[in-house]
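The values are calculated or read from the model by the stated rules, or taken from the named source; none is laboratory data. These numbers come from a predicted model, not from an experiment. A quick note on method: Cβ atoms are made from the backbone with ideal geometry, for glycine too, and the neighbour counts reach across all protein chains shown.
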Amino acid sequence: MTIRKLFQMALLTFLSASAGCKEGGPGTSGYLARPGPEQMRIAVLPFDSASLQFENAGQVVSQEVVTELMGTGVFEVVDPGAVYQAMVDAGLRNGNGYGLGPDGLQKLQDRIGPVRLFVVGIVQEFGEVRVGPATYPAISLNARLLDGETGSILWSGSVSRTGADSEKFFGLGAVHSVGRLARAAVRDLIGSLNRRELAHILRASEPRVAKASARVASVSPSPSRRSRSERYFNESATYSESELKALLVEVPGVRRSPVEYRLHHYSIAEAAYSGDRFEIRTKLIDYLAAQPALEFVKHNHQREVEGEFVGLPAYAGPSPAQNPGGYHLDIAVGRFGLFLEGPSDRQSSVEQVARAIIHGMK
């Protein structure tokens with residue numbers, strides 16, 4: 001056997017060993033959630049799919065995105081099943097979240113809890129293509145990262161791959177599995193997300209929000225917290241639908257719409273208080289206990305300074321970008337969360353409604 005022949009055989013053996021783990025042999029990957037104080041809560045919405053060759057392409061890709069995000073160790077990923085069920089319960093588009101607007105994001109947060117980041121995307125190609133005389137899997141997708149508080153796009157990325165892209169000498173190294181190609185493409189896409197820059201962008205809003213929230217401290221005539229003797233601190237009480245709706249009381253000088261009730265993990269009562277050219281959307285959620293109520297209210301404002309409203313923990317300030325010119329007032333009222341939003345030039349009316357409701361809950 002010639003030296004040339006021996007060299008070729010040695011080269012084939014080396015390339016086969018290096019490529020086998022990528023294509024021919026079995027592979028396993030898994031990530032254990034590692035909770036941490038600096039983790040950002042993120043939800044991956046089902047990807048849309050324009051692929052005509054594989055109808056479940058969006059589902060496959062979105063699951064790969066979930067796995068890769070968990071692997072970074074910096075995100076707290078919401079269970080995809082909970083996200084999908086929340087979309088169904090909210091009456092949103094079945095199947096995917098591509099093109100979902102700020103109102104839709106808010107509806108999802110009402111059901112899965114506060115989420116700072118949402119991933120949406122579309123699979124444009126998922127199937128097979130011919131490259132020369134051979135057929136290879138191909139994938140092309142686009143993804144966006146949305147700020148759950150403002151609805152703005154924080155990051156956008158796209159990736160296109162074919163199984164021939166990694167082909168080396170003698171055809172070794174090519175990927176012939178569309179699943180493995182999808183995994184590699186998603187890994188590249190998530191790798192292009194600069195998490196340090198993302199954290200910097202999210203922190204950039206802290207001074208503005210904190211300044212707005214600091215105003216709450218001056219709203220309250222009392223610097224001390226309410227005593228736990230108030231009725232809304234009674235965690236053993238039960239509230240029927242009619243009793244919870246009755247807590248959104250009539251307010252003198254302001255019209256109240258019919259109170260609506262819904263149940264999703266917690267009982268929720270909603271109504272709109274309106275006057276001359278203004279409306280105040282109001283939501284009351286029974287979290288059953290004071291500590292969960294406080295944590296849920298805080299979770300919506302993790303980077304804001306807590307203030308007080310009539311002696312209760314509260315956050316106030318400009319509303320998110322999807323409601324320019326708005327003013328929100330969120331209060332932990334014992335076992336309840338009280339959330340109000342109205343025009344910024346009618347802050348006094350928002351606070352009037354909040355005081356009336358809290359007074360009636362004593």
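Numerical summary
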item: Any hit, region 264-281, residues being surrounded by fewer than 16 Cβ atoms within 10 Å (Cβ to Cβ), farther than 18 Å from GLN347 by Cβ, touching a residue at least 40 places away in the same chain (Cβ under 8 Å) and out of contact with any Pro (no Cβ under 9 Å at 6 or more places or on another chain); result: yes
item: Failed item in (1) under 20 Å from GLN106 (Cβ atoms); (2) part of a strand (DSSP E or B), with PRO313 passing the rest; result: (1)
item: SER242, sole failed condition from (1) under 25 Å from the mean Cα position of the chain (by Cα); (2) over 22 Å from PRO318 (Cβ atoms); result: (1)
item: Whichever residue in region 336-362 is in a helix (DSSP H, G or I) and within 28 Å of the chain's Cα centre (by Cα) and, among such residues, is surrounded by the most Cβ atoms within 10 Å (Cβ to Cβ); result: ALA354
item: Test result for ALA332, in a strand (DSSP E or B) and either in the same structural domain as GLU149 (by TED's automatic domain parsing) or buried (at least 20 other Cβ atoms within 10 Å of the Cβ) (or both); result: yes
item: Region 83-92, subset surrounded by 14 or more Cβ atoms within 10 Å (Cβ to Cβ) and of a type in the set (Gly, Ala, Ser), residue farthest from LYS107 (Cα to Cα); result: ALA86
item: Answer residue from region 69-82, given it is modelled with pLDDT of 85 or more and in a loop (DSSP other than H, G, I, E, B) and is surrounded by the fewest Cβ atoms within 10 Å (Cβ to Cβ) among those; result: ASP79
item: Residue list for region 68-83, filter: under 11 Å from GLN39 (Cα atoms) and among the aliphatic types (A, V, I, L, M); result: MET70, VAL74, VAL77
item: Scope region 226-271; condition assigned to a helix (DSSP H, G or I) and closer than 30 Å to VAL83 by Cβ; matching residues; result: GLU241, LEU244, LYS245
